[in-house]
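Report on one structure; see the data block that follows.
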Amino acid sequence: CAAAINFVLMFVSLHSYNLREVYVNSPTMPPNILKSTAFCAAAINFVLQLANPNNFQWRTTNDIQHRYLESFGKLTPSETDILSAYLKGKATNIDSDLNNWFAENGFPNMKLSYPEYAMGFGAIFDLLVDWKRPGTKSKLTIDNQVFEAIKMKPGAVAAYNLEGYDYPMFVLDTRDKGWKVHLLETEFLFDDVDLLTAATDILVSKKSPFLFREVIFPSVDMEIDVELEWLIGMGLEKTPFQIREAKKIVRLKLDDKGARAQSAVAIAIDGCSLPRGEIPPIYRFTKPFFIIFANDNISIPPFVAIVSQDAWNVVLSSSTND
């Protein structure tokens, strides 16, 4: 990452530019040809980190998994520290607990179903930024359809030609330290990791100033389910665990005052060495056992015991094992 942290919004357009007035247009292609999509690496990295506290090597099963881990799966400590302010997570083997956690944090439609011998992990990314110089509300008409829009002058937004790109990039400063928002039109559809790769290439492209009088771009209010099937099957080396389910919901708002990017990611992990349909056994203690209290920063266990049936709580009414 550069010193300033960025995210990129890409719009689709067939509109030609001139130096007097510039429009960053909404999609003009039919919805069945090109639809909105998004990729939140922050939430995906965080949920994979929750699922892999011992930092084992990930075992990949397809090219997308490999490319993602190689190019985007490792952040520096400072990057991780910055993103931690916008992330929260949950780990549980009870799917209803994970689903309730998502609902309590504003994502009631995020639901996974998995057995108790699996583990579920959830992550939520929530970034809200305010423009350093707010725009003004406007309208944008494309093919006789009118869209709500935002108008900004050069003092509120910078613009650049990018080497190798047909359209200029507009950069909006925010009041939030280090954050910028980049707007750039595109006529191409990117899926999965290709979208993240494209955005990364845009941010490092050679640029030169682009002259314009004002820019008008559509306001955005989006919530979509994003496929994460490419993550399924990825497992942890030295363990029998692999991802059995993965789901992501993305929200994005953009208006005259600022922008908000949100993403909820959930994965479920179970043991890949089990024959299909076989349920792992329940392990029950039947003999005396150690109870050891330990601290990573203390060289001896501060408290240890062996407890036998004379110390076990007896159920007063007759019952059998659950």
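The values are calculated or read from the model by the stated rules, or taken from the named source; none is laboratory data. Please read these numbers as outputs of a predicted model, since none were measured by experiment. Using ideal geometry, Cβ is built from the backbone for each residue, glycine included, and neighbour counts are taken over all protein chains shown. All accessible areas refer to the heavy atoms of the entire protein, side chains included, with ligands and DNA or RNA removed. Shrake-Rupley method; radii C 1.70, N 1.55, O 1.52, S 1.80 Å.
Results, tabulated for the structure shown:
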{"read-out": "Candidates K139, K88, filtered to the one that is at pLDDT 90 or above, assigned to a strand (DSSP E or B) and more than 24 Å from E229 (Cβ to Cβ)", "value": "K88"}
{"read-out": "Within segment 228-279, tally of residues that are modelled with pLDDT of 85 or more and part of a strand (DSSP E or B)", "value": "27"}
{"read-out": "Of all residues in segment 86-116 being open to solvent by less than 40 Å² (accessible area, probe 1.4 Å) and among the small types (G, A, S), the one that is farthest from E245 (Cα to Cα)", "value": "G106"}
{"read-out": "Long-range neighbours under 7 Å by Cβ, at least six apart or interchain, first residue farther than 9 Å from K257 by Cα and of a type outside the set (F, W, Y) within segment 127-146, second part of a strand (DSSP E or B) and open to solvent by 100 Å² or more (accessible area, probe 1.4 Å)", "value": "K139/E148; V146/K139"}
{"read-out": "Selected residue [over 21 Å from F190 (Cβ atoms), of a type in the set (G, A, S) and at pLDDT 85 or above] from A51, A43", "value": "A51"}
{"read-out": "Some residue of segment 209-222 being open to solvent by 50 Å² or more (accessible area, probe 1.4 Å) and under 30 Å from F56 (Cα atoms)", "value": "no"}
{"read-out": "Scan of segment 55-74 for residues that are over 14 Å from the mean Cα position of the chain (by Cα) and in contact (Cβ under 8 Å) with a residue 60 or more places away in the chain, ordered by number", "value": "F56, Q57, W58, R59, T60, T61, N62, I64, Q65, R67, S71"}
{"read-out": "Residue satisfying all of: in segment 73-85; over 21 Å from I269 (Cα atoms) and either modelled with pLDDT of 95 or more or touching a helix residue (DSSP H, G or I) at 6+ places or on another chain (Cβ under 9 Å) (or both); surrounded by the most Cβ atoms within 10 Å (Cβ to Cβ) among these", "value": "L83"}
{"read-out": "Yes/no for A42 being among the small types (G, A, S) and either assigned to a helix (DSSP H, G or I) or closer than 16 Å to M234 by Cβ (or both)", "value": "yes"}
{"read-out": "All positions within segment 117-131 that are within 25 Å of the chain's Cα centre (by Cα) and open to solvent by 80 Å² or more (accessible area, probe 1.4 Å)", "value": "L128"}
{"read-out": "Scope segment 176-195; condition within 21 Å of V226 (Cα to Cα) and surrounded by fewer than 20 Cβ atoms within 10 Å (Cβ to Cβ); matching residues", "value": "T186, E187, F188, L189, F190, D191, D192, D194, L195"}
{"read-out": "Index of the failed condition, A38 passing every other in (1) open to solvent by less than 50 Å² (accessible area, probe 1.4 Å); (2) of a type outside the set (K, R); (3) modelled with pLDDT of 85 or more", "value": "(3)"}
{"read-out": "Segment 157-175 - residue that is among the charged types (D, E, K, R) and in a loop (DSSP other than H, G, I, E, B) and, of those, most open to solvent (accessible area, probe 1.4 Å)", "value": "R175"}
{"read-out": "Breaking point among (1) more than 28 Å from K248 (Cα to Cα); (2) in a strand (DSSP E or B), for P154", "value": "(2)"}
